[in-house]
Amino acid sequence: MSRRLAYTSLLVRDYDEAIAFYTRALRFELLEDTRLSPDKRWVVVAPSLAGGALLLARASSPAQQALVGGQGGGRVWLFLHTDDLDAELRHFAAHGVRLTEAPRDESYGRVVVFLDLYGNRWDLVQPRP
């Protein structure tokens, strides 16, 4: 039996603004954008074809809207690995991605916390070889 976690659902305010941020600022690939109804789309983005992907889910109720940007409860809960942290940071700076700290060295690699379009906290990690 083969299993893997395919998608993590991420609440967003608007499909198009989320697609723009994730594909431009974070350089994710748009893997799917299928209209399911007049108000609902199936939108999947990923940093590459290897690994997990995000299902961008437009918040459709006041309770969901209140959670946009806060699904992690204020903690880092999304982790993006890179093989070139410095290049990523230059790209982030050119696209207005906000950092919450300076990059730091940890036992597992170089890491910096950044915020996505909605304020979700991410770790950008360059793992040690």
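Bear in mind these aren't lab numbers, they're just calculated from the coordinates by the rules spelled out. Fair warning: this is a prediction, and the values are worked out from it, not measured in the lab. So basically every Cβ, Gly included, is an ideal-geometry build from the backbone, and we count neighbours across all protein chains shown.
At a glance:
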{"read-out": "J(HN,Hα) series, segment 35-41, from Karplus relation 6.51 cos²θ - 1.76 cosθ + 1.60, nearest Hz, glycine and proline x", "value": "6, 9, 7, x, 10, 10, 10"}
{"read-out": "For segment 1-124: relative contact order, % (alpha-carbon pairs under 8 angstrom, 6 or more apart)", "value": "24"}
{"read-out": "Rule-of-thumb Rg ratio for segment 32-129 [Cα; 2.2 N^0.38 Å; N residues]", "value": "1.22"}
{"read-out": "The chain, helix-only ellipticity at 222 nm - DSSP H runs n ≥ 4, -39,500 (n - 2.57), divided by all residues, nearest 500", "value": "-4500 deg cm²/dmol"}
{"read-out": "Given charges at Cβ of Lys, Arg, Asp, Glu: the chain dipole, positive-most of Pro103, Tyr22, Gly69", "value": "Gly69"}
{"read-out": "³J(HN,Hα), Karplus 6.51/-1.76/1.60, whole Hz, each residue of segment 101-112, x for Gly, Pro", "value": "6, 7, x, 9, 9, 10, 4, 8, x, 8, 8, 8"}
{"read-out": "Point-charge dipole on Cβ atoms (K/R +1, D/E -1) for the chain, about Cα centre, debye to 20", "value": "320"}
{"read-out": "Charge sum, other residues only, whose C-beta stays under 14 Å from Ala94's C-beta, Lys/Arg counted +1 and Asp/Glu -1", "value": "+2"}
{"read-out": "In degrees, nearest ten, helix 85-94 long axis to first principal axis of the chain (Cα)", "value": "50"}
{"read-out": "Neighbour-count order for Val111, Val76, fewest beta carbons within 10 angstrom listed first", "value": "Val76, Val111"}
